[in-house]
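FYI, it's all coordinate maths here, none of it is from the lab. Since the model is a prediction, treat every value here as computed from it, not as a measurement. FYI the Cβ positions are ideal-geometry reconstructions off the backbone, even for glycines, and counts take in every protein chain you see.
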Amino acid sequence: MSFLSGFKKNLSRAGTNLMQRTGVSDRTTDSEFDEEFERFKILEKKSEKLSKEAKGYLDSVRAMTAAQLRIAQTIENFYEDIAPMGAMGTEYKRTVEKLDEDARTDLDAAYRATVLEPLARFCSYFPEINEAVKRRNKKLLDYDSSRSKVRKLIDKPSEDPQRLPRAEQEANMAREMYENINSILITDLPKVVELRVPYFDPSFEALVKSQLKFAQTGYEQLEGLRHHFPPESDMGSDRRVDDVLGQMRELTICGNF
């Protein structure tokens, strides 16, 4: 199709669309297609949101471990080596360095391969499907336009007796092209929607297991630091905090709080 021919076709479709919106020309409706396409659009919206939020989780974990590392670096410099908690500061830094490394390597690689990449691959099919729907809509406009020409020639016959048969032939061809792509979409759109269940199940399982492993590793690593703290009851710990706050209130630079 030449550029000029394509331009004329698009112009004709735009005119048909305008007449349909203003009620001048009839518009073919297909409730079955409309229902399936609506289900597909809901799937597309939710899938893209899921993909974005899944990426946000990994970004948040990376940001959290990086923040932990910065805190640990500051704490290590905060205490002197001879201070009672000096060794604890060093050990804490070593622990969070390991957690940060795990987040940047093991968690990152596994999470991308089992969660992010499958979600992105699933979402990558949506533009192709939407393009097929656009082609279907164009063929529908062509069909409605050709039907309108036939109706006008029937209502007001032309002096050329061949115009009506030619118009009817064009309308039949346009109908066949429209019904062909429409039938394919009505068949395939439900399959795409139903595919979400077996497709997302493995990624959902991987998502949960990744979170579980990361949480367990973090708990085990930080739990190992417990012995560095003096064993105290909860009330004793609260009393110790109150003592520190009392000392801070005595400092004039702190004011009252």
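Data table
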| read-out | value |
| --- | --- |
| Proximal charge balance of Phe200 [Cβ under 12 Å; K/R count +1, D/E count -1] | 0 |
| The range 123-213: GluC sites (Glu not before Pro) in DSSP loop, at most 13 other beta carbons within 10 Å | Glu159 |
| Glu179-His228 pseudo-label distance in nm [points 7 Å out on the Cα-to-Cβ vector] | 7.7 nm |
| For Asp160, net neighbour charge (Lys/Arg +1, Asp/Glu -1) across residues whose Cβ lies under 15 Å away | +2 |
| Radius of gyration and Dmax over the Cα atoms of the range 30-249, both given in Å | 32.4, 109 |
| Extension gain, Tyr79 back to Thr105 (0.36 nm per residue minus Cα-Cα distance, nm) | 6.3 nm |
